[in-house]
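In what follows, a single structure is set out as structure tokens and then discussed.
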Amino acid sequence: MKLIEAVKNLALSEETMIELAGAIHGLYHPACSLVTKERVSFGGPIFTILAYEDPEAFEAVLAPVHVGVQQNKPDLVLVRKDSVAFVFTFRRGESGYEASEAALVSEYENVIEQDLKGVKIESKIFVGINLDVHCRVSIGFGKEGIQVKEIKEVSSPVDETG
């Protein structure tokens, strides 16, 4: 439920992105040693929770089955009831910055045109989620029209070593 609440609260602010990073960290940390590119789908459990735990929270949720199977496609597209679309990419062993950069350059427009016909979208937010080998989650994010150099990044757990 923390993940659902974090996604419902998504906004273009570090506070809500830290909440999302914490929820994802909580989901993956207990099984960190099992989460690899080869053994576990990173996007699959997140999609499953978003699509089936609270289906009324969102106007549309496109699964990795629909969008993430081809190169240069986003891993997940989520449209909230307020017509804000989130274009997600998931990465393992990179950074949130690199993951969000991939979301920005993905062929998201084609996905939206083909799979979200009739869904009203007023704005887009690009979100890249990375899970490192220690299950530290970093999220890069930015709004439609953002330049790559303007991507913000947050992580969980917060590194307080300095």
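Tabulated values for the structure
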{"item": "Filtered residues of the range 119-135 (kept if open to solvent by less than 70 Å² (accessible area, probe 1.4 Å) and either touching a Ser or Thr at 6+ places or on another chain (Cβ under 7 Å) or in a loop (DSSP other than H, G, I, E, B) (or both))", "result": "VAL119, ILE121, PHE126, VAL127, GLY128, ASN130, ASP132, CYS135"}
{"item": "Qualifying positions in the range 10-26 - modelled with pLDDT under 80 and open to solvent by less than 70 Å² (accessible area, probe 1.4 Å)", "result": "LEU10, ALA11, SER13"}
{"item": "Enumeration of residues in the range 136-157 that are more than 23 Å from TYR28 (Cβ to Cβ), open to solvent by 20 Å² or more (accessible area, probe 1.4 Å) and either of a type in the set (Lys, Arg) or in a strand (DSSP E or B) (or both)", "result": "LYS143, LYS149"}
{"item": "The range 100-118: number of residues that are in a loop (DSSP other than H, G, I, E, B), over 17 Å from VAL148 (Cβ atoms) and open to solvent by 40 Å² or more (accessible area, probe 1.4 Å)", "result": "2"}
{"item": "Hits in the range 87-125 - residues which are of a type in the set (Phe, Trp, Tyr) and within 17 Å of ALA6 (Cβ to Cβ)", "result": "PHE88, PHE90"}
{"item": "Long-range neighbours under 8 Å by Cβ, at least six apart or interchain, first residue in a loop (DSSP other than H, G, I, E, B) within the range 75-88, second at pLDDT 90 or above and among the acidic types (Asp, Glu)", "result": "ASP82/GLU122; SER83/GLU122"}
{"item": "Qualifying residue in the range 27-47 (condition: open to solvent by 70 Å² or more (accessible area, probe 1.4 Å), modelled with pLDDT under 80 and within 22 Å of LYS124 (Cβ to Cβ))", "result": "no"}
{"item": "Failed criterion for PRO64 (all others in (1) touching a strand residue (DSSP E or B) at 6+ places or on another chain (Cβ under 9 Å); (2) modelled with pLDDT under 85; (3) more than 27 Å from HIS134 (Cα to Cα) hold)", "result": "(3)"}
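The values are calculated or read from the model by the stated rules, or taken from the named source; none is laboratory data. Only a predicted model underlies this, so the values are computations on that prediction, with no experimental measurement involved. Methodologically, a virtual Cβ is constructed for each residue, glycine included, from the backbone with ideal geometry; neighbour enumeration extends over all protein chains shown. Please note that ligands, DNA and RNA were not included when accessible areas were found on the heavy atoms of the full protein model with its side chains. Shrake-Rupley method; radii C 1.70, N 1.55, O 1.52, S 1.80 Å.
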